[in-house]
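A short worksheet on the structure shown next.
The values are calculated or read from the model by the stated rules, or taken from the named source; none is laboratory data. Here the structure is a predicted model, which means the values were calculated and not measured. Counting neighbours? That spans all protein chains shown, and the Cβs are built from the backbone with ideal geometry, glycine included.
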Amino acid sequence: MDLLRFLFDIGIRRGHNIIVHASFKSLSTLFPSITPEHFFSTLTSFITSKGSVILPAFTYNLKKKDGEKSFFHKSAPAKTGYISEAFRNFPGTIRTSSPTHSFTLWGRITTEIESSNNPSYPLGGSSPVGWMDQNVDSFALLIGTTFNSLTYLHYLERTFNIPYLDLFCWQDDYLPVGVSEEGEVNLEEVPGCSNGFEELETWLLEEQKLAKTVYGDVCIYYIRLSMLKSMSESFFKNSYKKLLCKNPYCICCNTRKNFLKDRGLI
């Protein structure tokens, strides 16, 4: 299969702003000889500098209660997968400065979001995902990944004001403070567990609001973010409890469930 044809067939066009969540194993299944560099070189050439490519490069450097410090620095490896780490070193990119939720950016977004970007809401309106939400030609590309990896959904949690969102759910071991070589930043919100986001994906498919493309065994989504927000609104407002994962040992989701129980919401 030809990579350029693939990008065109799934709906990618010049000038699109794209947040990418991809499994390299799945990408290699589709294109056996591909490298991350080839993939990103082809994608960026296709959309041109009028568009943008955005990938998470999260490092989760929160301040520990026991005093042990783990500092974020711009050369720190991304903890969000092989593809994300490869893009961090791709020519022409910049990396934002959030100690917990940094992004690697390429293209038009770099003319409006600077490498110093370090908001107290790491995935809020002043972050790269907030920038994407404000630009109509913004899309999420998922290759071999589920909604559990879809960073934009954390932004929608804030947009739709989920009741437990202001609760810091990692409080057993951490403080809501990002730590970098440049100092500390107090965080007004720290994103929680995303392992329940597949519930939204399942609901959208069952309601026939969302269609997935399958190449062999690889599932592909290419979704306009404004449409995803519109389609998901009722779920976030009425079924947000399903976003809490079913793992009985998940500290974050258990903390949030207890918060809801104490307020008679479940």
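Structural remarks
- Conditions (1) farther than 25 Å from residue 146 by Cβ; (2) touching a helix residue (DSSP H, G or I) at 6+ places or on another chain (Cβ under 9 Å): number failed by residue 57: (1)
- Within region 230-266, restricting attention to residues that are of a type in the set (D, E, K, R) and part of a loop (DSSP other than H, G, I, E, B), the residue that is farthest from residue 194 (Cα to Cα) is 263.
- Test set (1) buried (at least 17 other Cβ atoms within 10 Å of the Cβ); (2) modelled with pLDDT of 95 or more; (3) of a type in the set (S, T, N, Q) - residue 186 fails condition number: (1)
- Within region 194-212, the set of residues being of a type in the set (S, T, N, Q) and either under 25 Å from residue 253 (Cα atoms) or modelled with pLDDT under 95 (or both) comprises 194, 195, 202.
- Residue within region 181-188 that is in a loop (DSSP other than H, G, I, E, B), over 26 Å from residue 30 (Cβ atoms) and not acidic (Asp, Glu) present: yes
- Taken over region 1-60, residues that are assigned to a helix (DSSP H, G or I) and β-branched (Val, Ile, Thr) amount to 4.
- Failed condition for residue 92, given (1) buried (at least 21 other Cβ atoms within 10 Å of the Cβ); (2) on the phi > 0 side of the Ramachandran plot: (1)
- Of residues in region 242-266 being closer than 26 Å to residue 19 by Cβ and basic (Lys, Arg), the one surrounded by the fewest Cβ atoms within 10 Å (Cβ to Cβ): 242
- Any pair with Cβ under 6 angstrom, 6 or more apart, that starts in region 67-94 at a residue that is closer than 14 Å to residue 53 by Cβ and part of a loop (DSSP other than H, G, I, E, B) and ends at one that is at pLDDT 95 or above and of a type in the set (Phe, Trp, Tyr): 90/40; 92/106; 93/106
- Count of region 122-141 residues which are in contact with a Ser or Thr (Cβ under 7 Å, 6 or more places away or on another chain) and modelled with pLDDT of 95 or more: 5
- The set of residues in region 156-183 being more than 17 Å from residue 229 (Cα to Cα), touching a helix residue (DSSP H, G or I) at 6+ places or on another chain (Cβ under 8 Å) and either surrounded by 20 or more Cβ atoms within 10 Å (Cβ to Cβ) or not acidic (Asp, Glu) (or both) consists of 163, 164, 165, 167, 169, 170, 171.
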